[in-house]
Amino acid sequence: MSPLLVEALIGTAILSYLIGSIPFGLILTRLGGAGDIRAIGSGNIGATNVLRTGRKGLAAATLVLDGLKGFAGPMLCAVAWPFFAPAVIALGAVCAVLGHCFPAWLRFRGGKGVATGLGAAFALDWRAGLICCLVWLLVARLSKISSAGALAAFLALPALLLLFAFGQTGAPNLWAGLLIAAIVFVRHRGNIARLLNGTEPRIGKKA
């Protein structure tokens, strides 16, 4: 492994993690006068919990900004190290999601990675990202359960990346998709248990 590649991978991991760990949900709710989001509902800093404050605008802004984290980190790294674009995009996508889920300045207690993971999916392959978003919206709308939509979307992500894989760029994308899906599923383990026993709250209801 060349020194330049090592530099690119280390730089990508750090930059994407730092971008991913910006807690937009916490920042926006405090600036918007909604208090500390960690003391509301599930205590999560993501858009779904921000919606529980009743501030739909703040929730929408959190959703968009969290999604941009997952996309911007890998893309900036690809610009910084263009010769290693496939590898740095894949690594950056995973690290952005890790940053959102485990931000160092919040004692590694962050969100569940859905919006950031969807942004990362767009960075890996815009077609997979788009379809995942559609799956998320459709399942959430039909079931009225946000976590069901999220889990369905990330269950589909690795299969979509495999389907759209072309040439040598397919392997790092697929591994990134598998890791991101695994992170999201682990972060939703409580939701999965509630889905199985029928106690998962529906959209608009308090956790």
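Somewhere in segment 128-138, is a residue crowded, with 24+ Cβ neighbours inside 10 Å and on the phi > 0 side of the Ramachandran plot? So far as segment 128-138 goes, no, none of its residues is crowded, with 24+ Cβ neighbours inside 10 Å and on the phi > 0 side of the Ramachandran plot. Taken together, the residues in segment 87-118 that are part of a helix (DSSP H, G or I) and crowded, with 18+ Cβ neighbours inside 10 Å amount to 20. Under the condition of being of a type in the set (Gly, Ala, Ser) and modelled with pLDDT under 95, which residue from segment 151-175 is nearest to LYS112 (Cα to Cα)? Out of the qualifying residues, it is ALA159.
For segment 108-146, which positions are within 13 Å of the chain's Cα centre (by Cα) and of a type outside the set (A, V, I, L, M)? Result: GLY110, GLY111, LYS112, GLY113, THR116, GLY117, GLY119, PHE122, GLY129, CYS132, CYS133, TRP136.
For segment 73-86, filtered to residues that are within 13 Å of ALA13 (Cα to Cα) and in a helix (DSSP H, G or I), the residue that is farthest from the chain's Cα centre (by Cα) is ALA80.
Selection of segment 22-50 for residues being under 23 Å from LEU130 (Cα atoms) and either outside any helix (DSSP H, G or I) or aliphatic (A, V, I, L, M) (or both) yields GLY46, ALA47. For segment 104-123, the set of residues classified as more than 11 Å from ILE19 (Cβ to Cβ) and of a type outside the set (A, V, I, L, M) consists of TRP105, ARG107, PHE108, ARG109, GLY110, GLY111, LYS112, GLY113, GLY117, PHE122, listed by residue number.
Taking into account only those residues within segment 1-35 that are small (Gly, Ala, Ser) and farther than 15 Å from PRO103 by Cβ, which is surrounded by the most Cβ atoms within 10 Å (Cβ to Cβ)? Per the stated criteria, the residue is ALA8. Filtering GLY111, GLY92, GLY46, GLY67 for residues that are in contact with a Leu (Cβ under 7 Å, 6 or more places away or on another chain), under 17 Å from ILE183 (Cβ atoms) and in contact (Cβ under 8 Å) with a residue 40 or more places away in the chain leaves a single hit, GLY67. The number of residues in segment 135-149 that are of a type outside the set (S, T, N, Q), under 16 Å from ALA193 (Cα atoms) and in contact (Cβ under 8 Å) with a residue 40 or more places away in the chain comes to 2.
Hydrophobic (A, V, I, L, M, F, W, C), closer than 29 Å to LEU26 by Cβ and in contact with a His (Cβ under 9 Å, 6 or more places away or on another chain) - does that describe any residue in segment 162-178? No: segment 162-178 contains no residue that is hydrophobic (A, V, I, L, M, F, W, C), closer than 29 Å to LEU26 by Cβ and in contact with a His (Cβ under 9 Å, 6 or more places away or on another chain). The residues of segment 176-203 that are β-branched (Val, Ile, Thr) and either at pLDDT 95 or above or in a helix (DSSP H, G or I) (or both), listed by number, are ILE180, ILE183, VAL184, VAL186, ILE192.
The values are calculated or read from the model by the stated rules, or taken from the named source; none is laboratory data. A quick note: this is a predicted structure, and the numbers were derived from the prediction, not measured. Note that we place each Cβ from the backbone using ideal geometry, even for glycine, and neighbour counts take in every protein chain shown.
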